[in-house]
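These notes are about the structure you will find just below.
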Amino acid sequence: MVKLESSLSYWMGRVDLNNTIDLVKKYGEVINQYLNEYVPEAAVPEKKIYEAMRYSLLAGGKRIRPVLTLAVNQLFDGDMDEAIPFACAIEMIHTYSLIHDDLPAMDNDDYRRRRLTNHKVFGEGIAVLTGDALLNKAFEIMISILRDGYSLDRKVRVMYEIANASGIEGMIGGQVVDLESEGKFVDQETLRYMHSRKTGRLIVASAVAGAITAGAGEEDIGKIRSYASNLGLAFQIKDDILSEIGEQEKLGKRVGNDREKNKSTYVTTLGLDEAKRLLDITTRSSIESLESFKERAEFLIGLAEFLLHREN
Ligand code: GRG
């Protein structure tokens, strides 16, 4: 366990990242097992859609969002079984967004998660339907557990968080701003607006889902919301840095795409050094929100640091 200290800078670099990585893997394995069961292979005339869903869903993403849900649930001593369906639903929504984002009508990418993109393998029609099917499945799963186990109120609240974060006030809204910004100079404020919706809101919903399923109080939910919103911003800044100077082999997708498409990113807007500085500040701010949880927050602190140093 790490020693307690109120100063944030004390925490940075003191969490054993190997422990963090081990736990990310463990949570990730649980998620993979459930995803595999939620979307099985099927010997039906429409088996292609199952195949296409599994192709992208089980392609080995980092599972950061569902891991956050489970980890926050555990921080508040929740029952992990109650959080798993929501964690899986979130990963399905995230995967649908990646499939649609890769389509020729959007980012037109050939590689994702170290594989050819969904439309490159199954064709654009099936890829559109695969995204739709994953989004639908996510809600089917959440609705199917409404009557099981603990409080209906809490579950409905989690569903609302997830639906709102994925919709026009969240991911889709941010994606629209992104599409409309192509080829234009975008200032830092607009970048923040866009990314807090496009990437940030689902990351916040993932963490908040963990807190609500565990029955956390409002003040604690607020702290988790603040942690995750800075974490989401840091995640995006890191993504922009990796898109510029990452290694394609490690990233599993092409590098330099954003610049070629004339997209404004934290790197093109601020420059690489300033983007790195902002990444550091934002990561520290995220960790700061966890201060009152003391050593119980060790994994979430490690996760923020893990994302700061990630190479994919
Ligand atoms: C099409 C409705 C719609 C939305 C698309 C999230 C998104 C909105 C597009 C993804 C484009 C992109 C590369 C965004 C940058 C941040 C991001 C979400 C990266 C991918 O998430 P990771 O790194 O991916 O968690 P893995 O594969 O590890 O799950």
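Only alpha carbons enter this Debye calculation for the chain, each as an equal point scatterer, and the log10 of I(q)/I(0) it gives at q = 0.10, 0.16 Å⁻¹ is -0.54, -1.44. Entry note, the chain: the mean residue ellipticity at 222 nm calculated from DSSP H runs of n ≥ 4, each adding -39500 (n - 2.57), is -21500 deg cm²/dmol after division by the residues and rounding to the nearest 500.
Take the range 172-253, drop everything but the C-alpha atoms, weight them equally and run the Debye formula without solvent; then report log10 I(q)/I(0) at 0.14, 0.15, 0.17 Å⁻¹ to two decimals. Log10 of I(q)/I(0), two decimals: -0.58, -0.65, -0.78.
Result for the chain in a Gaussian network model with C-alpha springs under 10 Å: among V44, V267, V67, the largest mean-square fluctuation is at V44. Looking at the chain as a GNM with Cα springs under 10 Å, which of M106, M194, M171 has the largest mean-square fluctuation? Checking each option, the largest mean-square fluctuation is seen for M106. Extent along the principal axes, Cα only, for the range 163-216: 44, 19, 10 Å, with the longest axis given first. Counting only Cα atoms, the range 153-304 measures 46, 33, 30 Å along its principal axes, largest extent leading.
Considering only N262, N73, N32, the Gaussian network model of the chain with Cα springs below 10 Å gives its largest mean-square fluctuation to N262. Multiplying the residue separation of I281 and R114 by 0.36 nm and removing their Cα-Cα distance gives an extension gain of 57.1 nm. Once the 1.4 Å probe is applied to the protein heavy atoms, the chain comes out at 46 Å² accessible per residue. Summarising the amide proton neighbourhood of T117: residues at separation of 5 or more, or on other chains, whose placed amide H is nearer than 5 Å comprise Y111, R112.
Within the range 120-145, which residues have the backbone N less than 16 Å from the label spot 7 Å out from A105 along Cα→beta-carbon, could you tell me? The answer is 120, 123-135.
The values are calculated or read from the model by the stated rules, or taken from the named source; none is laboratory data. Computed from a predicted model, the values in this text were never measured in an experiment. Positions of Cβ are backbone-derived with ideal geometry, glycine not excepted, and every protein chain shown enters the neighbour counts. Surface accessibility is based on the protein's heavy atoms, side chains included, excluding ligands, DNA and RNA. Shrake-Rupley method; radii C 1.70, N 1.55, O 1.52, S 1.80 Å.
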